[in-house]
Structure formats: structure tokens, C-alpha cells
């Protein structure tokens, strides 16, 4: 494992003060710069689900000693997404990320959007914006392709678009619509305070997580920052 200060490398552990994330402090020295990179070359020898021994579908499954992929969640515009559990063989990683996580994977040569998304998400600390815990580069054992793996909070409720589909054209209940709208506005307020424009707010980019306080048992989080831009950037222009 090597460390680098390059901006496109890992930022694991930089959010340890966020109340919505694990409270236990990382075991590495706090004097390590926030931009410290972690590159891990995969050594896992299998691409099978350890729970049912059936092959997991998908392309470029991210293999690592630090996690076990358990499910293929889908393919988005900027990479394939997998559900994974951290292993018990690497204590340092376990204190940095939750036991269950979503890993968005793509080839390093195509990872510019994921790197951009990771950079934006590292600036937010809001319960209604999806958390990104950093990134790790691995190597696919078969193709030898270098893979960029961004590690995200797993939102088990799926996206709002799928949630709405379950109502089969009847629409959301008024209570649910109001609560989700409040969540989204709270997240946007945080994003706009950082002078960042999301640029792609739509139901498929709103993810749902369990919430025992809510009557419907769910709260919403904003995701999908691949098209986001800073308000003062050349990309944003005159607005």
C-alpha cells in the first residue's frame, strides 16, 4: 500500500467529525494530511458472493482485501455500483467506513466524473447529502485494468424514482411528499452555501435511507454530483 498527496487519490478518514458517520477515530496519525492517498492493489482470488456462492453479475467487480462485494446494485452514467461489506482483516479501514457500503467503480481512465463527485461530497456535512468516504484504486486480476472505486454511504431504500413507481401512478402520499421535499431543500441549502450548483436534481438522484422517527420510515439524501459545478468556475460561466 502506497500513499500519495495527489488530488485524485483517497481521502479516507477526512470526515471523522461528522456526527452522521462512525464516531470512532481512525487509528492512523492525525498529522497525516487530509489529501493522503491510499492505493491498494487487489489480491482477492474470487468474484463470488460468499453468502450464496453464486457469481455476482457486473463488469469490473472491485476486489480487495478490505471488503467483500455481496451484490451488484446497478450501472449508472459514471460507473457500476456494488454493495459490499468491510472485512475483519483490516482494522484501519473498519474505523473509517461503515460495515456496509456502496462502491461505485469505473476504469481509472474514465474516472474524472467520479473524482469530481468525490471532491464535492467531501465538502458537505449534512444528513440529507449522501456521504462519500473516499476512494481506493484497485487492479482487476483478470483484465489487469486499474479501477477507481469511490466509497459511498449505502442507502438501502433505493432511489426516489423507484419508490414512486411502487405507487403505480397514484403518486406519493402528501405526508411523504412534504417530508422528502423538506429533506431535499435542507440538502440544497447546504450545497448552495458552498457555492456549488448540483445541476441534476431528479428522483433517481434522491436516495432513501431508513428513519425510525418518520411515519413512512424513510428520509431522503441528495446524490449524483457528476454534473455539479462551482458557481465561480469557468464551467459555470455567467450562470
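The values are calculated or read from the model by the stated rules, or taken from the named source; none is laboratory data. Every value quoted in this text rests on a predicted model; they were computed, and no experiment measured them. So basically every Cβ, Gly included, is an ideal-geometry build from the backbone, and we count neighbours across all protein chains shown.
Within region 115-122, not a single residue is within 14 Å of the chain's Cα centre (by Cα), under 16 Å from residue 84 (Cβ atoms) and at pLDDT below 95. Of all residues in region 125-142, exactly one satisfies the criterion of being part of a strand (DSSP E or B) and either surrounded by fewer than 18 Cβ atoms within 10 Å (Cβ to Cβ) or at pLDDT 95 or above (or both), namely 129.
All of (1) on the phi > 0 side of the Ramachandran plot; (2) surrounded by 14 or more Cβ atoms within 10 Å (Cβ to Cβ) hold for residue 101 with one exception: (1).
Here residue 179 passes the criteria (1) under 16 Å from residue 219 (Cβ atoms); (2) in the same structural domain as residue 214 (by TED's automatic domain parsing); (3) out of contact with any strand residue (DSSP E or B) (no Cβ under 8 Å at 6 or more places or on another chain) except the one numbered (3).
Restricting region 63-95 to residues that are at pLDDT below 80 and under 15 Å from the mean Cα position of the chain (by Cα), the residue that is surrounded by the fewest Cβ atoms within 10 Å (Cβ to Cβ) is 77. Taking the condition in contact with a helix residue (DSSP H, G or I) (Cβ under 8 Å, 6 or more places away or on another chain) and not assigned by TED's automatic domain parsing to the domain that holds residue 129, does residue 222 pass? When the stated conditions are applied, residue 222 passes them.
Yes/no per residue for (1) modelled with pLDDT under 95; (2) out of contact with any helix residue (DSSP H, G or I) (no Cβ under 9 Å at 6 or more places or on another chain); (3) assigned to a strand (DSSP E or B):
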site: 144; (1), (2), (3): yes, yes, no
site: 150; (1), (2), (3): yes, no, yes
site: 155; (1), (2), (3): no, yes, no
site: 163; (1), (2), (3): yes, no, no
site: 168; (1), (2), (3): yes, yes, no
site: 172; (1), (2), (3): yes, no, no
site: 180; (1), (2), (3): no, no, no
site: 185; (1), (2), (3): no, yes, no
site: 189; (1), (2), (3): no, yes, no
